[in-house]
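In what follows, a structure is listed as structure tokens, so that the remarks can point back to it.
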Amino acid sequence: MVINRIKFLKDEINKSNYKYYVEEDPYLSDFEYDKLFAELRELEEKHPLLKTADSPTQRVGSVSEKFFSHKHKYRLYSLDNTYNYEDLKSWYEKIQKEFKEPVELVCELKIDGLAIALTYDKGIFTLGVTRGDGVTGENITNNLKTIKAIPLKLFEEKSVEVRGEIYMPKTSFERLNEENLKNGEKVFANPRNAASGSLRQLDSKITAQRDLSMFTYTGIFENSADTPDNHYDGMMYLKKLGFKINPNIRLCKNADEAINFCKEWENKRFELDYATDGVVIKVNSFAQQQELGFTARAPKWATAFKFPPEEVTTKLLDVELNVGKTGAVTPVAILTPVQLGGSVVQRASLHNFDEIKRLDVRIGDSVLIKKAAEIIPKVIKVMETDEHDNLPVYTAPETCPCCGQKLETREQEVVLYCTNPDCPAINKEKINYWASKEAMDIDNIGPAVIEQLYNSGFIKTPVDLYKLTMEDFLSLEGVKEKSASNMYEAIQKSKNNPLKRFITALSIRNVGKETADILACEYGSLENLMAANVEELAEINGIGDKIAEEIFEYFHEEKNIEMLKNLEELGVKPALAPKAVSDIFKGATFVLTGTLQNMTRDEASEIIKSHGGKTSSSVSKNTTYVLAGANAGSKLDKAQNLEIPILTENEFLEMIK
Ligand SMILES: [Zn+2]
């Protein structure tokens, strides 16, 4: 029967969407999914009467002429805000006084997106409306249907209105902006604006192309018998019906537990791929909620604890020019100090001079800065002010701020470079990088000492580090016997560093830590790597033609050969890379988290590689194992949510025995 086959296909595809978008655990392969989808579309074309509103083929989009306003059946209230823990505590105490029995709270992340209300009629999605002013919103049903985290059909035939927050993942937001910038289209200021712009497209095919998702945060059931007793159970029930809920939800016994939840997320939030600006705290019991009731604009049983802002405006005092180890000159914004995301910020990234031009940033401007996962925040926008027009337009420098050499651009790059081989700024940066944690990891040799050594004429290149004597260190101002000996010993120790550290430290163009690691594993010794030809290099997985050429050129340039020879004569002999021990972890990807007892994380990842496995820094559905030590953080939560096997250190050691 065609009708049964269609039902089967719809159910399989809906189930697959749910597994993929809600549980993040794929159930069908892309190939199988596409095959079922094509069959369903074909059957529906042949039998148009059997095409229903809940069919997954209805997600593809259509064009509307305008959006119609729609009066909400149940009003969408705002939330009162709290900005500090004392207020949160007194909010709770006031509520607890009203009841004899204890008041439990539920904490959830407040997603920085767009609130919407979705209506399901006997399990079928029929209407989707924006929040609007809470009383009336806009009907954007067709656009919402394209979002795969929104079920078109529920697993039970319930009539319910749910509310959720539509958001765009940060990574998708950045990709969208990059593309828009390339095509000369509008660049969005933040993921919320991008989500909003994508939702309000009259052509829902455009919405369908944007990567939007939704977290559901409440549901109002038509039949009160369907309603659980409390908010937490309600959320679990919504998940069971097919809605995506945020995994970071916690039932708390009192205000202190809720405050702990807020504190945890104040910093952890930057690790998430979506923006959150606070924590929503609700009284758990629906009976208690009902007794507390509403004010004119907000429920008395809920509050939003707001994190310190991720974005803030401040004044641009100056643009500092930084010269990197490659000679690239980059602008850094110097700002009036301001609180941002829990710390005081006075410097921000401006990327490059094209970006300054694009934003039309001028010294003296009021600018919007944003903190993301990066350590240094960035300037994202110039505020419109009267002063702006009177400020002089910023012009990119023509000469190196350190040595005065004329700056150049390289083909197809917007970056300006100082090409002076004797530029002190570049030389110092090269030595800084050589000694840094990422490269040779030489303890006690930081930028301040390098500056001193350089200015005293002891060092000009990384090679000179290995010529330094105890006397040289002791001649520096403020350096005593003990610290001189520490520095000297640290340098000696670095002579036999692992090969991958040595290759990283060479700063070959486009060869970072990861590529250096690949090269070390592949060739085992510096001699072998130096003897490799371009074809051979290009064949290695993870190294393209361009990088292969750059590596080859590096090892065939006179001055580099000379430098490597000098290093060898000074006793710098990188340890050979370990050969593969076994392939028991072949195809497996590990994520390491927490503090291990018997080894460092670096050592653990060496072991994994020597057994044919890989490591990655973030947990995803592609992770095979999470190796967790003490005090593991959010990665562990994520692994648990995705049901990825978690290994203790002992279990791991057992596996490699
Ligand atoms: Zn220079």
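Structure notes:
- Checking each residue in region 388-400 for being within 12 Å of the ligand (Cβ to nearest atom) and buried (at least 18 other Cβ atoms within 10 Å of the Cβ) picks out only 400.
- Flag if residue 293 is at positive phi and away from the ligand (no atom under 16 Å from the Cβ): yes
- Count - residues of region 223-234 that are at pLDDT 95 or above and farther than 12 Å from residue 282 by Cα: 2
- Screening region 305-335 for residues that are surrounded by fewer than 18 Cβ atoms within 10 Å (Cβ to Cβ), farther than 25 Å from residue 402 by Cα and not charged (D, E, K, R) and picking the one that is nearest to the ligand (Cβ to nearest atom) gives 313.
- So residue 377, is it at pLDDT below 95, of a type outside the set (Val, Ile, Thr) and within 16 Å of the ligand (Cβ to nearest atom): no
- Of the strands (runs of 3 or more DSSP E) lying entirely inside region 104-163, those carrying at least 1 residues that are surrounded by 17 or more Cβ atoms within 10 Å (Cβ to Cβ) and within 29 Å of the chain's Cα centre (by Cα) are 105-111, 114-121, 124-130.
One line per residue, one yes/no per condition, for (1) within 30 Å of residue 364 (Cβ to Cβ); (2) over 27 Å from the mean Cα position of the chain (by Cα):
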position: 239; (1), (2): no, no
position: 261; (1), (2): no, no
position: 275; (1), (2): yes, no
position: 285; (1), (2): no, yes
position: 301; (1), (2): no, yes
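- The residues on offer are 403, 418, and the sole one that is more than 33 Å from the chain's Cα centre (by Cα), surrounded by 13 or more Cβ atoms within 10 Å (Cβ to Cβ) and within 8 Å of the ligand (Cβ to nearest atom) is 403.
- Among the residues of region 404-448, those that are touching a Ser or Thr at 6+ places or on another chain (Cβ under 9 Å) and of a type in the set (Ser, Thr, Tyr) comprise 417, 433.
- Residue match in region 291-301 (condition: surrounded by 17 or more Cβ atoms within 10 Å (Cβ to Cβ), over 30 Å from residue 78 (Cα atoms) and in contact with a strand residue (DSSP E or B) (Cβ under 8 Å, 6 or more places away or on another chain)): no
- Verdict on residue 18 being out of contact with any helix residue (DSSP H, G or I) (no Cβ under 6 Å at 6 or more places or on another chain), of a type in the set (Ser, Thr, Tyr) and closer than 29 Å to residue 644 by Cα: yes
- Residues in region 191-236 that are in contact (Cβ under 8 Å) with a residue 12 or more places away in the chain, of a type in the set (Ser, Thr, Tyr) and either part of a helix (DSSP H, G or I) or not assigned by TED's automatic domain parsing to the domain that holds residue 108 (or both): 196, 198, 204, 207, 232.
- Single condition residue 346 does not satisfy, out of (1) surrounded by 15 or more Cβ atoms within 10 Å (Cβ to Cβ); (2) touching a Ser or Thr at 6+ places or on another chain (Cβ under 9 Å); (3) free of Cβ contacts under 8 Å to residues at least 60 places away in the same chain: (1)
- Within region 14-40, being among the hydrophobic types (A, V, I, L, M, F, W, C) and closer than 21 Å to residue 248 by Cα holds for one residue alone: 22.
- Residue check for residue 451: within 19 Å of residue 436 (Cβ to Cβ) and acidic (Asp, Glu): yes
- Filtered by the rule that a residue be under 11 Å from residue 107 (Cα atoms), surrounded by fewer than 18 Cβ atoms within 10 Å (Cβ to Cβ) and of a type in the set (A, V, I, L, M, F, W, C), region 232-255 gives a lone residue, 251.
- Against the list (1) over 28 Å from residue 12 (Cα atoms); (2) touching a helix residue (DSSP H, G or I) at 6+ places or on another chain (Cβ under 6 Å), the condition residue 183 fails is (2).
- Residue in region 222-231 that is crowded, with 22+ Cβ neighbours inside 10 Å, under 24 Å from residue 137 (Cα atoms) and either touching a Leu at 6+ places or on another chain (Cβ under 9 Å) or among the acidic types (Asp, Glu) (or both) present: no
- Scanning region 582-640 for residues that are of a type in the set (A, V, I, L, M), within 24 Å of the chain's Cα centre (by Cα), farther than 19 Å from residue 25 by Cβ and assigned to a loop (DSSP other than H, G, I, E, B) yields a total of 1.
- Of the residues making up region 607-657, those that are farther than 19 Å from residue 273 by Cβ, among the polar types (S, T, N, Q) and surrounded by 13 or more Cβ atoms within 10 Å (Cβ to Cβ) number 4.
- Residues that are free of Cβ contacts under 8 Å to residues at least 24 places away in the same chain and within 11 Å of the ligand (Cβ to nearest atom), drawn from region 421-445: 421, 422
- In summary, residue 460 fulfils each of the numbered conditions (1) touching a residue at least 60 places away in the same chain (Cβ under 8 Å); (2) part of a loop (DSSP other than H, G, I, E, B); (3) within 16 Å of the ligand (Cβ to nearest atom) with the single exception of condition (1).
- Number of the exception - residue 538 against (1) surrounded by 11 or more Cβ atoms within 10 Å (Cβ to Cβ); (2) touching a residue at least 12 places away in the same chain (Cβ under 8 Å): (2)
- Residue in region 48-62 that is of a type in the set (A, V, I, L, M) and under 22 Å from residue 162 (Cα atoms) present: yes
The values are calculated or read from the model by the stated rules, or taken from the named source; none is laboratory data. Just so it is clear, the model here is predicted, and its values are computed rather than measured. Note that we place each Cβ from the backbone using ideal geometry, even for glycine, and neighbour counts take in every protein chain shown.
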